[in-house]
Amino acid sequence: MAMLFDSEQQLLADTARDFFAQYTPPAALRRLRDSKDDLGYEPEVWRRMVDLGWSAIVFPEAHGGLDFGYKGLGAVFEQAGRCLAATPLFGTVALGGSVVMLGGSEAQKAQKLPGVIAGETLFALALDEKSRHDPRGVAMRAVASGDGFVLDGTKSFVVDGGIADQLVVVARSGGSPGFAEGLSLFLVDAGAAGVTKLKRNLVDSRNMAAISFEKVRVPAGALLGQVGQGGELLDAVLDRARVCLSAEMLGAAGWLFDTTVAYLKERIQFDVPIGSFQALQHRAAQMHVALEMSRSTVLAALAAIDDNSPQLPVLASLAKAKVSETLELVSNEAVQMHGGIGMTDELDVGLYLKRARVQQQLLGDASFHRDRYASLLGF
(Lines give C-alpha, C1' and ligand atoms only; values in the text may rest on other atoms or scores of the structure.)
Protein backbone atom coordinates (compact mmCIF):
# COMPACT_ATOMS: atom_id res chain seq x y z
CA MET A 1 0.00 0.00 0.00
CA ALA A 2 1.72 3.16 -1.23
CA MET A 3 1.46 5.88 1.40
CA LEU A 4 2.79 8.67 -0.80
CA PHE A 5 1.70 10.24 -4.07
CA ASP A 6 3.65 9.06 -7.09
CA SER A 7 5.12 11.66 -9.45
CA GLU A 8 1.96 11.91 -11.61
CA GLN A 9 -0.34 12.24 -8.61
CA GLN A 10 1.95 14.88 -7.09
CA LEU A 11 1.92 16.79 -10.38
CA LEU A 12 -1.87 16.70 -10.33
CA ALA A 13 -1.87 17.96 -6.72
CA ASP A 14 0.46 20.84 -7.66
CA THR A 15 -1.75 21.76 -10.61
CA ALA A 16 -4.88 21.66 -8.44
CA ARG A 17 -3.21 23.81 -5.76
CA ASP A 18 -2.41 26.55 -8.28
CA PHE A 19 -5.82 26.27 -9.96
CA PHE A 20 -7.91 26.61 -6.81
CA ALA A 21 -5.70 29.39 -5.46
CA GLN A 22 -6.33 31.34 -8.67
CA TYR A 23 -10.00 30.61 -9.35
CA THR A 24 -11.62 29.68 -6.04
CA PRO A 25 -9.93 31.46 -3.14
CA PRO A 26 -12.07 32.01 -0.01
CA ALA A 27 -13.04 35.39 -1.48
CA ALA A 28 -14.96 33.53 -4.20
CA LEU A 29 -17.05 31.75 -1.57
CA ARG A 30 -17.70 35.12 0.10
CA ARG A 31 -18.99 36.51 -3.22
CA LEU A 32 -21.34 33.56 -3.68
CA ARG A 33 -22.56 33.89 -0.10
CA ASP A 34 -23.01 37.66 -0.06
CA SER A 35 -24.79 37.74 -3.43
CA LYS A 36 -27.05 34.84 -2.35
CA ASP A 37 -26.13 33.12 -5.60
CA ASP A 38 -28.81 30.60 -6.60
CA LEU A 39 -26.30 28.15 -8.06
CA GLY A 40 -23.76 28.36 -5.24
CA TYR A 41 -20.88 27.72 -7.62
CA GLU A 42 -19.33 29.38 -10.66
CA PRO A 43 -20.13 27.46 -13.88
CA GLU A 44 -17.07 28.85 -15.64
CA VAL A 45 -14.78 27.44 -12.93
CA TRP A 46 -16.55 24.09 -13.17
CA ARG A 47 -16.04 24.16 -16.95
CA ARG A 48 -12.31 24.75 -16.46
CA MET A 49 -12.15 21.82 -14.02
CA VAL A 50 -13.87 19.58 -16.54
CA ASP A 51 -11.46 20.72 -19.25
CA LEU A 52 -8.59 19.67 -16.99
CA GLY A 53 -10.13 16.20 -16.80
CA TRP A 54 -10.95 16.21 -13.09
CA SER A 55 -14.53 15.03 -13.60
CA ALA A 56 -13.13 11.99 -15.46
CA ILE A 57 -10.36 10.93 -13.06
CA VAL A 58 -11.96 7.82 -11.56
CA PHE A 59 -14.18 6.63 -14.38
CA PRO A 60 -13.22 3.79 -16.77
CA GLU A 61 -11.71 4.58 -20.13
CA ALA A 62 -14.46 2.56 -21.80
CA HIS A 63 -16.91 5.32 -20.89
CA GLY A 64 -14.57 8.23 -21.60
CA GLY A 65 -12.88 8.40 -18.22
CA LEU A 66 -9.19 8.58 -17.36
CA ASP A 67 -9.07 5.60 -14.96
CA PHE A 68 -6.48 7.53 -12.95
CA GLY A 69 -7.70 6.34 -9.57
CA TYR A 70 -8.95 7.77 -6.29
CA LYS A 71 -5.53 8.85 -5.05
CA GLY A 72 -5.56 11.29 -7.95
CA LEU A 73 -9.07 12.46 -7.11
CA GLY A 74 -8.10 12.74 -3.43
CA ALA A 75 -5.21 15.01 -4.40
CA VAL A 76 -7.69 17.34 -6.11
CA PHE A 77 -10.10 17.28 -3.15
CA GLU A 78 -7.34 18.12 -0.69
CA GLN A 79 -6.39 21.21 -2.66
CA ALA A 80 -10.07 22.16 -3.06
CA GLY A 81 -10.38 21.96 0.72
CA ARG A 82 -7.43 24.30 1.22
CA CYS A 83 -9.32 27.02 -0.68
CA LEU A 84 -12.92 26.23 0.36
CA ALA A 85 -13.67 25.69 -3.33
CA ALA A 86 -17.42 25.49 -4.02
CA THR A 87 -17.85 23.15 -6.99
CA PRO A 88 -20.15 20.25 -8.02
CA LEU A 89 -17.22 17.79 -7.95
CA PHE A 90 -18.26 16.03 -4.74
CA GLY A 91 -21.97 15.60 -5.48
CA THR A 92 -21.56 14.74 -9.15
CA VAL A 93 -18.41 12.60 -9.19
CA ALA A 94 -17.81 11.23 -5.67
CA LEU A 95 -21.50 10.52 -4.96
CA GLY A 96 -23.76 10.36 -8.02
CA GLY A 97 -21.19 9.28 -10.56
CA SER A 98 -19.87 6.59 -8.23
CA VAL A 99 -23.33 5.08 -7.86
CA VAL A 100 -23.72 4.78 -11.62
CA MET A 101 -20.19 3.42 -12.03
CA LEU A 102 -20.55 0.78 -9.30
CA GLY A 103 -24.22 -0.14 -9.58
CA GLY A 104 -25.41 0.84 -13.02
CA SER A 105 -26.06 -1.56 -15.86
CA GLU A 106 -23.92 -1.21 -18.97
CA ALA A 107 -26.79 0.67 -20.60
CA GLN A 108 -27.08 3.06 -17.63
CA LYS A 109 -23.33 3.66 -17.60
CA ALA A 110 -23.31 4.34 -21.33
CA GLN A 111 -26.22 6.74 -20.94
CA LYS A 112 -25.18 8.65 -17.79
CA LEU A 113 -21.40 8.60 -17.34
CA PRO A 114 -20.51 10.62 -20.46
CA GLY A 115 -22.69 13.46 -19.14
CA VAL A 116 -20.95 13.32 -15.75
CA ILE A 117 -17.50 13.28 -17.34
CA ALA A 118 -18.40 16.15 -19.68
CA GLY A 119 -19.67 18.18 -16.72
CA GLU A 120 -23.02 18.56 -18.42
CA THR A 121 -25.11 16.53 -16.00
CA LEU A 122 -24.95 17.32 -12.29
CA PHE A 123 -25.85 14.61 -9.79
CA ALA A 124 -26.90 14.48 -6.14
CA LEU A 125 -27.43 11.59 -3.75
CA ALA A 126 -30.71 11.88 -1.82
CA LEU A 127 -30.16 9.69 1.23
CA ASP A 128 -30.55 11.08 4.75
CA GLU A 129 -33.97 11.97 6.11
CA LYS A 130 -32.96 13.40 9.49
CA SER A 131 -30.24 15.69 10.77
CA ARG A 132 -27.90 12.82 11.65
CA HIS A 133 -26.38 10.53 9.01
CA ASP A 134 -28.16 7.18 9.08
CA PRO A 135 -27.95 5.08 5.87
CA ARG A 136 -29.99 2.29 7.43
CA GLY A 137 -32.68 4.62 8.75
CA VAL A 138 -34.28 5.27 5.35
CA ALA A 139 -38.08 5.24 5.60
CA MET A 140 -38.97 6.63 2.16
CA ARG A 141 -41.06 4.10 0.28
CA ALA A 142 -40.68 2.70 -3.22
CA VAL A 143 -43.77 0.72 -4.19
CA ALA A 144 -43.85 -1.43 -7.31
CA SER A 145 -46.53 -0.17 -9.69
CA GLY A 146 -47.09 -1.43 -13.22
CA ASP A 147 -43.72 -1.67 -14.95
CA GLY A 148 -42.01 0.70 -12.51
CA PHE A 149 -42.12 2.18 -9.02
CA VAL A 150 -43.80 5.03 -7.15
CA LEU A 151 -41.61 7.00 -4.70
CA ASP A 152 -43.00 8.81 -1.65
CA GLY A 153 -41.00 10.52 1.05
CA THR A 154 -38.67 13.35 1.96
CA LYS A 155 -34.91 13.84 2.07
CA SER A 156 -32.89 16.36 4.07
CA PHE A 157 -29.44 17.87 3.58
CA VAL A 158 -28.98 16.69 -0.01
CA VAL A 159 -25.57 17.93 -1.20
CA ASP A 160 -26.06 19.86 -4.46
CA GLY A 161 -29.72 18.87 -4.35
CA GLY A 162 -30.81 22.27 -5.58
CA ILE A 163 -28.64 22.31 -8.70
CA ALA A 164 -28.61 18.64 -9.68
CA ASP A 165 -30.12 17.47 -12.96
CA GLN A 166 -30.27 13.85 -11.79
CA LEU A 167 -31.00 12.51 -8.33
CA VAL A 168 -29.92 9.14 -7.02
CA VAL A 169 -32.67 8.36 -4.52
CA VAL A 170 -32.38 5.78 -1.77
CA ALA A 171 -35.79 4.35 -0.91
CA ARG A 172 -37.17 1.32 0.85
CA SER A 173 -38.87 -1.26 -1.33
CA GLY A 174 -39.05 -3.66 1.58
CA GLY A 175 -37.87 -4.27 5.12
CA SER A 176 -37.96 -1.78 7.97
CA PRO A 177 -35.96 1.34 8.90
CA GLY A 178 -32.80 0.32 10.72
CA PHE A 179 -31.90 -2.51 8.36
CA ALA A 180 -30.03 -2.73 5.04
CA GLU A 181 -32.41 -5.30 3.60
CA GLY A 182 -35.05 -3.71 1.40
CA LEU A 183 -33.04 -0.63 0.30
CA SER A 184 -33.19 0.23 -3.40
CA LEU A 185 -31.52 3.01 -5.40
CA PHE A 186 -33.23 4.85 -8.25
CA LEU A 187 -32.26 7.42 -10.85
CA VAL A 188 -34.79 10.25 -10.80
CA ASP A 189 -34.93 13.29 -13.04
CA ALA A 190 -34.73 16.34 -10.78
CA GLY A 191 -37.50 17.98 -12.78
CA ALA A 192 -39.89 15.03 -12.61
CA ALA A 193 -43.50 15.58 -11.59
CA GLY A 194 -43.86 15.32 -7.82
CA VAL A 195 -40.28 16.40 -7.00
CA THR A 196 -40.08 19.58 -4.89
CA LYS A 197 -36.76 21.12 -3.90
CA LEU A 198 -36.17 23.61 -1.10
CA LYS A 199 -32.76 25.24 -0.77
CA ARG A 200 -31.24 25.04 2.71
CA ASN A 201 -28.94 27.75 4.00
CA LEU A 202 -26.34 26.20 6.30
CA VAL A 203 -23.54 28.01 8.10
CA ASP A 204 -20.97 27.06 5.48
CA SER A 205 -22.90 28.78 2.63
CA ARG A 206 -22.66 25.70 0.41
CA ASN A 207 -25.28 23.90 -1.67
CA MET A 208 -27.79 21.88 0.33
CA ALA A 209 -31.46 21.15 -0.27
CA ALA A 210 -34.43 19.42 1.26
CA ILE A 211 -36.33 17.43 -1.36
CA SER A 212 -39.80 15.91 -1.18
CA PHE A 213 -41.10 13.19 -3.46
CA GLU A 214 -44.86 12.92 -3.83
CA LYS A 215 -46.06 9.96 -5.87
CA VAL A 216 -43.07 10.22 -8.21
CA ARG A 217 -43.29 7.55 -10.89
CA VAL A 218 -40.10 6.04 -12.26
CA PRO A 219 -39.71 3.22 -14.82
CA ALA A 220 -38.11 -0.11 -13.97
CA GLY A 221 -35.04 1.08 -15.90
CA ALA A 222 -34.42 3.71 -13.24
CA LEU A 223 -33.43 1.03 -10.72
CA LEU A 224 -29.69 0.84 -9.96
CA GLY A 225 -28.57 -2.67 -9.01
CA GLN A 226 -31.03 -5.19 -7.63
CA VAL A 227 -34.34 -4.28 -6.06
CA GLY A 228 -34.20 -4.47 -2.27
CA GLN A 229 -30.47 -5.22 -2.28
CA GLY A 230 -29.00 -1.74 -2.55
CA GLY A 231 -27.43 -1.68 0.92
CA GLU A 232 -24.09 -3.08 -0.21
CA LEU A 233 -23.94 -0.73 -3.22
CA LEU A 234 -24.81 2.21 -1.00
CA ASP A 235 -22.03 1.35 1.46
CA ALA A 236 -19.48 1.07 -1.35
CA VAL A 237 -20.45 4.50 -2.71
CA LEU A 238 -20.55 6.15 0.71
CA ASP A 239 -17.11 4.82 1.61
CA ARG A 240 -15.59 6.31 -1.53
CA ALA A 241 -17.32 9.62 -0.86
CA ARG A 242 -16.29 9.60 2.82
CA VAL A 243 -12.65 9.21 1.84
CA CYS A 244 -12.90 12.02 -0.74
CA LEU A 245 -14.57 14.22 1.89
CA SER A 246 -11.82 13.34 4.37
CA ALA A 247 -9.23 14.45 1.81
CA GLU A 248 -11.06 17.76 1.42
CA MET A 249 -11.22 18.18 5.20
CA LEU A 250 -7.50 17.39 5.44
CA GLY A 251 -6.84 20.26 3.03
CA ALA A 252 -8.91 22.66 5.13
CA ALA A 253 -7.13 21.57 8.31
CA GLY A 254 -3.76 22.04 6.60
CA TRP A 255 -4.68 25.60 5.59
CA LEU A 256 -5.82 26.41 9.12
CA PHE A 257 -2.61 25.02 10.60
CA ASP A 258 -0.31 26.85 8.17
CA THR A 259 -2.19 30.12 8.64
CA THR A 260 -2.14 29.83 12.43
CA VAL A 261 1.57 29.00 12.63
CA ALA A 262 2.33 31.97 10.37
CA TYR A 263 0.31 34.20 12.71
CA LEU A 264 2.17 32.87 15.76
CA LYS A 265 5.41 33.93 14.09
CA GLU A 266 4.27 37.46 13.19
CA ARG A 267 2.07 38.50 16.14
CA ILE A 268 4.20 40.41 18.65
CA GLN A 269 3.35 40.52 22.34
CA PHE A 270 5.71 41.63 25.15
CA ASP A 271 8.21 42.47 22.34
CA VAL A 272 8.46 38.87 21.15
CA PRO A 273 6.49 36.73 18.68
CA ILE A 274 3.76 34.87 20.54
CA GLY A 275 5.01 31.72 18.85
CA SER A 276 8.03 31.85 21.15
CA PHE A 277 5.80 30.96 24.11
CA GLN A 278 6.29 27.32 24.98
CA ALA A 279 2.61 26.68 25.72
CA LEU A 280 1.64 27.74 22.20
CA GLN A 281 4.48 25.70 20.71
CA HIS A 282 3.15 22.60 22.43
CA ARG A 283 -0.34 23.22 21.07
CA ALA A 284 1.04 23.75 17.56
CA ALA A 285 3.02 20.52 17.85
CA GLN A 286 -0.14 18.67 18.88
CA MET A 287 -1.91 19.96 15.76
CA HIS A 288 1.01 18.96 13.55
CA VAL A 289 1.02 15.40 14.89
CA ALA A 290 -2.75 15.10 14.44
CA LEU A 291 -2.44 16.34 10.86
CA GLU A 292 0.27 13.83 9.98
CA MET A 293 -1.74 10.97 11.47
CA SER A 294 -4.80 12.13 9.55
CA ARG A 295 -2.84 12.28 6.30
CA SER A 296 -1.75 8.67 6.80
CA THR A 297 -5.33 7.50 7.30
CA VAL A 298 -6.57 9.35 4.21
CA LEU A 299 -3.79 8.03 1.97
CA ALA A 300 -4.34 4.49 3.24
CA ALA A 301 -8.07 4.74 2.51
CA LEU A 302 -7.51 6.20 -0.97
CA ALA A 303 -5.05 3.41 -1.76
CA ALA A 304 -7.58 0.84 -0.49
CA ILE A 305 -10.11 2.08 -3.04
CA ASP A 306 -7.63 1.84 -5.90
CA ASP A 307 -6.45 -1.60 -4.73
CA ASN A 308 -10.05 -2.83 -4.33
CA SER A 309 -9.11 -3.83 -0.79
CA PRO A 310 -11.66 -5.55 1.48
CA GLN A 311 -10.33 -3.27 4.23
CA LEU A 312 -11.90 -0.20 2.62
CA PRO A 313 -14.93 0.05 4.97
CA VAL A 314 -12.63 -0.03 8.02
CA LEU A 315 -10.14 2.43 6.56
CA ALA A 316 -12.86 4.79 5.34
CA SER A 317 -14.38 5.02 8.80
CA LEU A 318 -10.93 5.37 10.36
CA ALA A 319 -10.11 8.27 8.03
CA LYS A 320 -13.44 10.09 8.50
CA ALA A 321 -13.29 9.73 12.30
CA LYS A 322 -9.67 10.81 12.60
CA VAL A 323 -9.89 13.74 10.19
CA SER A 324 -13.13 14.95 11.84
CA GLU A 325 -11.37 15.02 15.21
CA THR A 326 -8.32 16.75 13.74
CA LEU A 327 -10.33 19.39 11.91
CA GLU A 328 -12.26 20.19 15.08
CA LEU A 329 -9.01 20.52 17.02
CA VAL A 330 -7.24 22.65 14.42
CA SER A 331 -10.22 24.91 13.69
CA ASN A 332 -10.80 25.55 17.39
CA GLU A 333 -7.12 26.27 17.99
CA ALA A 334 -6.96 28.55 14.96
CA VAL A 335 -9.77 30.72 16.33
CA GLN A 336 -8.29 30.75 19.85
CA MET A 337 -4.74 31.54 18.78
CA HIS A 338 -5.88 34.39 16.55
CA GLY A 339 -7.53 35.91 19.60
CA GLY A 340 -10.43 38.31 19.17
CA ILE A 341 -10.04 38.67 15.40
CA GLY A 342 -10.54 34.93 15.08
CA MET A 343 -14.22 35.48 15.87
CA THR A 344 -14.79 38.06 13.13
CA ASP A 345 -16.31 37.35 9.73
CA GLU A 346 -13.60 39.40 8.04
CA LEU A 347 -10.99 36.76 8.88
CA ASP A 348 -11.07 33.69 6.61
CA VAL A 349 -10.47 31.44 9.64
CA GLY A 350 -14.15 31.86 10.51
CA LEU A 351 -15.22 30.60 7.06
CA TYR A 352 -13.09 27.49 7.50
CA LEU A 353 -14.54 26.92 10.98
CA LYS A 354 -18.10 27.03 9.63
CA ARG A 355 -17.27 24.72 6.75
CA ALA A 356 -15.54 22.37 9.17
CA ARG A 357 -18.62 22.01 11.34
CA VAL A 358 -20.74 20.93 8.35
CA GLN A 359 -18.06 18.58 7.01
CA GLN A 360 -17.71 16.91 10.40
CA GLN A 361 -21.40 15.92 10.31
CA LEU A 362 -21.66 15.09 6.62
CA LEU A 363 -21.74 11.32 5.88
CA GLY A 364 -21.25 10.56 9.57
CA ASP A 365 -19.45 12.34 12.39
CA ALA A 366 -16.54 10.98 14.42
CA SER A 367 -18.87 9.13 16.83
CA PHE A 368 -20.71 7.41 13.96
CA HIS A 369 -17.46 6.23 12.41
CA ARG A 370 -15.82 5.16 15.67
CA ASP A 371 -18.86 2.97 16.31
CA ARG A 372 -18.82 1.62 12.74
CA TYR A 373 -15.07 0.95 12.93
CA ALA A 374 -15.54 -1.02 16.13
CA SER A 375 -18.48 -2.97 14.73
CA LEU A 376 -16.63 -3.88 11.54
CA LEU A 377 -13.71 -5.22 13.58
CA GLY A 378 -16.00 -7.10 15.96
CA PHE A 379 -15.25 -5.09 19.08
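The values are calculated or read from the model by the stated rules, or taken from the named source; none is laboratory data. As the structure is a computational prediction, the values presented were derived from the model and not from experiment. Using ideal geometry, Cβ is built from the backbone for each residue, glycine included, and neighbour counts are taken over all protein chains shown. Surface areas here come from the heavy atoms of the whole protein model, side chains and all, with no ligands, DNA or RNA. Shrake-Rupley method; radii C 1.70, N 1.55, O 1.52, S 1.80 Å.
Details
- Evaluated against (1) more than 28 Å from V100 (Cα to Cα); (2) part of a helix (DSSP H, G or I); (3) open to solvent by 60 Å² or more (accessible area, probe 1.4 Å), E8 falls short on exactly one condition, (1).
- Residue tally, condition in contact with a Gly (Cβ under 9 Å, 6 or more places away or on another chain), part of a helix (DSSP H, G or I) and open to solvent by less than 10 Å² (accessible area, probe 1.4 Å), over segment 59-79: 1
- The listed residue being basic (K, R) and open to solvent by 10 Å² or more (accessible area, probe 1.4 Å), out of R172, R206: R206
- From the list L299, L353, the lone residue that is among the hydrophobic types (A, V, I, L, M, F, W, C), in a helix (DSSP H, G or I) and over 30 Å from F68 (Cβ atoms) is L353.
- Single unsatisfied condition, Q361 versus (1) within 20 Å of A290 (Cα to Cα); (2) more than 15 Å from the chain's Cα centre (by Cα); (3) open to solvent by 50 Å² or more (accessible area, probe 1.4 Å): (2)
- Of residues in segment 268-295 being open to solvent by 80 Å² or more (accessible area, probe 1.4 Å) and outside any helix (DSSP H, G or I), the one nearest to S317 (Cα to Cα): I268
- G162 vs. criteria at positive phi, surrounded by 15 or more Cβ atoms within 10 Å (Cβ to Cβ) and at pLDDT 95 or above: no
- Top-ranked residue of segment 228-267 - restricted to ones that are free of Cβ contacts under 8 Å to residues at least 60 places away in the same chain and among the aliphatic types (A, V, I, L, M), ranked as most open to solvent (accessible area, probe 1.4 Å): A262
- Screening R200 with (1) over 17 Å from G230 (Cβ atoms); (2) of a type outside the set (A, V, I, L, M, F, W, C); (3) touching a Lys or Arg at 6+ places or on another chain (Cβ under 8 Å) gives one miss only, at (3).
- Residue that is surrounded by the fewest Cβ atoms within 10 Å (Cβ to Cβ) [pool: residues in segment 296-345 that are under 23 Å from F379 (Cα atoms) and of a type in the set (D, E, K, R)]: E325
- Some residue of segment 364-371 being over 28 Å from R31 (Cβ atoms) and not in a helix (DSSP H, G or I): yes
- Residue pairs whose Cβ atoms lie under 7 Å apart, separated by 6 or more positions or on different chains, with the first residue in segment 275-304 and farther than 14 Å from R242 by Cα and free of Cβ contacts under 8 Å to residues at least 24 places away in the same chain and the second of a type in the set (D, E, K, R) and open to solvent by 60 Å² or more (accessible area, probe 1.4 Å), are G275/K265.
- Entry remark, segment 17-43: residues being assigned to a helix (DSSP H, G or I) and over 20 Å from G161 (Cβ atoms) number 13 in total.
- Some residue of segment 39-57 being among the charged types (D, E, K, R), under 24 Å from T259 (Cα atoms) and in contact with a helix residue (DSSP H, G or I) (Cβ under 7 Å, 6 or more places away or on another chain): no
- Complete set of residues in segment 133-161 that are of a type in the set (S, T, N, Q) and within 21 Å of D239 (Cβ to Cβ): none
- Residues that are open to solvent by 50 Å² or more (accessible area, probe 1.4 Å) and among the aliphatic types (A, V, I, L, M) were ranked within segment 90-138; the one that is nearest to P43 (Cα to Cα) is A110.
- Residue within segment 184-196 that is open to solvent by 40 Å² or more (accessible area, probe 1.4 Å), at pLDDT 95 or above, of a type in the set (V, I, T) and in contact with a strand residue (DSSP E or B) (Cβ under 8 Å, 6 or more places away or on another chain) present: yes
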